[in-house]
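Some notes on the structure that comes next.
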Amino acid sequence: MKDILKIVERALDDEIASIRHFRDNLDERISECIELILNSKGKVVVTGVGKSGDIAQKISHTMSSTGTAAIFLHPTDAAHGDSGVVGKDDVVLAIGKSGESEELNYILPTLKNLGAKVVGMTANPKSKLAELSDILILTPVLREACLLELAPTSSTTIALMLGDAIAMALMELKNFQADDFALYHPAGRLGKRLSLHISDVMRKDDKNAFVSETAGLDEILKEITRKGLGATGVVDSNGILLGLITDFDIRKALTNKKLIEGVTAKEMMNVSPSFFSPEEKAYDVLTKMENRERPISVAPVVTKDKKFVGMVSLHDLLQKGL
């Protein structure tokens, strides 16, 4: 029986060798393609058939999520009316290793008649796709990982990597930042980490816990119990944070026999608690709360002018799926 791992290694080596060959022989017209897209007022329409079509879909998704408007257009659908989505300011990125796909080449004259520019991505400089392209990018393939040289393997990997590289170049040239990325990815853990601020998750208004500095033990305990935060802020008449009282502070005072009759919030509070700003990213705050030498489970949220506007709970942050 053949050594299965050796077969896998050979296939990987073949693709790696083809990638290196492609990298060492980059077509300078890639820069023309990127400049064309960068200066275009329209979108990128990525198209291809079969395995190249699968790669085209992935490239369009990557571009769309990184600041370059893009869609995937299947050649067959385009031939039956969907070419109407293509505008005169669009750039068509057409992918095909051989460049001789009838379905793909059939629609390109129509897309050009609509005013779109065609960038062809192919390994065959003498193909019909090359002839129809306004800009031709050659993607030479040293060898496919398929021993029969039939199944698209190295060729599709190269097309995918080139599409990713073009998307990343556009992203950098457009100065696309993490906040922009978050705007396009509102769902999921990554989107939440990038987009959620403390102001979005903090307990505020009637859900926030606070007492005056003259509050007695009974009032303090009622506020902590009522709001379910395990802590309460201590504020002055202007809503300025003076300190924080937690369950731990109460237990500590009880252990040290300091819970005497008539004790006030001012006498019990921690006057220098850790606090956060409403503008801070929720994930950054979660990390700070967990990675302290002594992790904390709750902290006040304070504005620049010391106004106590909310309380952030480790439990609430974790429930957000950060």
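The values are calculated or read from the model by the stated rules, or taken from the named source; none is laboratory data. In this text, all values refer to a predicted model and were calculated from it rather than measured experimentally. When we count neighbours, we look across all protein chains shown, and the Cβ atoms used for this are built from the backbone with ideal geometry, even at glycine. Just so you know, the surface numbers come from the protein's heavy atoms only, side chains and all, with ligands and any DNA or RNA stripped out. Shrake-Rupley method; radii C 1.70, N 1.55, O 1.52, S 1.80 Å.
Quick one: would you say residue 179 is in contact with a strand residue (DSSP E or B) (Cβ under 7 Å, 6 or more places away or on another chain) and more than 17 Å from residue 56 (Cα to Cα)?
Spelling it out, it is not the case that residue 179 is in contact with a strand residue (DSSP E or B) (Cβ under 7 Å, 6 or more places away or on another chain) and more than 17 Å from residue 56 (Cα to Cα).
Spot the failing condition for residue 193; the list is (1) in the same structural domain as residue 33 (by the TED database); (2) out of contact with any Gly (no Cβ under 9 Å at 6 or more places or on another chain), and only one is missed.
Every listed condition holds for residue 193 apart from (1).
Quick check on region 275-316: of everything there that is in a loop (DSSP other than H, G, I, E, B) and among the hydrophobic types (A, V, I, L, M, F, W, C), which residue is nearest to residue 204 (Cα to Cα)?
The selected residue is 275.
I need the full set of residues from region 219-262 which are farther than 25 Å from residue 204 by Cβ, open to solvent by 20 Å² or more (accessible area, probe 1.4 Å) and either part of a helix (DSSP H, G or I) or without any contact (Cβ under 8 Å) to a residue 12 or more places away in the chain (or both), in order please.
Those that are farther than 25 Å from residue 204 by Cβ, open to solvent by 20 Å² or more (accessible area, probe 1.4 Å) and either part of a helix (DSSP H, G or I) or without any contact (Cβ under 8 Å) to a residue 12 or more places away in the chain (or both): 251, 252, 254, 255, 256, 257, 258, 260, 261.
For region 223-237, state whether one or more residues are under 18 Å from residue 303 (Cβ atoms) and under 37 Å from the mean Cα position of the chain (by Cα).
yes
Quick one: which of 299, 282, 265 is farther than 18 Å from residue 246 by Cα, open to solvent by less than 20 Å² (accessible area, probe 1.4 Å) and assigned by the TED database to the domain that holds residue 222?
282
Residues are listed down the side, and each one gets a yes or a no for (1) surrounded by fewer than 22 Cβ atoms within 10 Å (Cβ to Cβ); (2) touching a strand residue (DSSP E or B) at 6+ places or on another chain (Cβ under 8 Å); (3) of a type in the set (Gly, Ala, Ser); (4) under 22 Å from residue 63 (Cα atoms):
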residue	(1), (2), (3), (4)
115	yes, no, yes, yes
119	no, yes, no, yes
122	no, yes, no, yes
126	yes, no, no, no
129	no, yes, no, no
142	yes, no, no, no
150	yes, no, no, no
153	yes, no, no, no
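Hey, residue 2 hits all of (1) of a type outside the set (Gly, Ala, Ser); (2) assigned to a helix (DSSP H, G or I); (3) farther than 29 Å from residue 181 by Cα but one; which does it fall short on?
Residue 2 satisfies every listed condition except (2).
Restricting to region 4-35, what's the tally of residues that are open to solvent by less than 90 Å² (accessible area, probe 1.4 Å), of a type in the set (Asp, Glu) and under 15 Å from residue 139 (Cβ atoms)?
Result for region 4-35: 2.
What single numbered condition from (1) over 31 Å from the mean Cα position of the chain (by Cα); (2) among the acidic types (Asp, Glu); (3) not assigned by the TED database to the domain that holds residue 286 fails to hold for residue 213?
If we test residue 213 against (1) over 31 Å from the mean Cα position of the chain (by Cα); (2) among the acidic types (Asp, Glu); (3) not assigned by the TED database to the domain that holds residue 286, just (3) comes out false.
Table: residues versus (1) modelled with pLDDT under 95; (2) aliphatic (A, V, I, L, M).
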position	(1), (2)
133	no, no
160	no, yes
167	no, yes
176	yes, no
182	yes, yes
188	yes, no
194	yes, yes
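Of the residues 93, 104, only one is assigned to a strand (DSSP E or B) and buried (at least 24 other Cβ atoms within 10 Å of the Cβ); which?
Every option except 93 fails the conditions.
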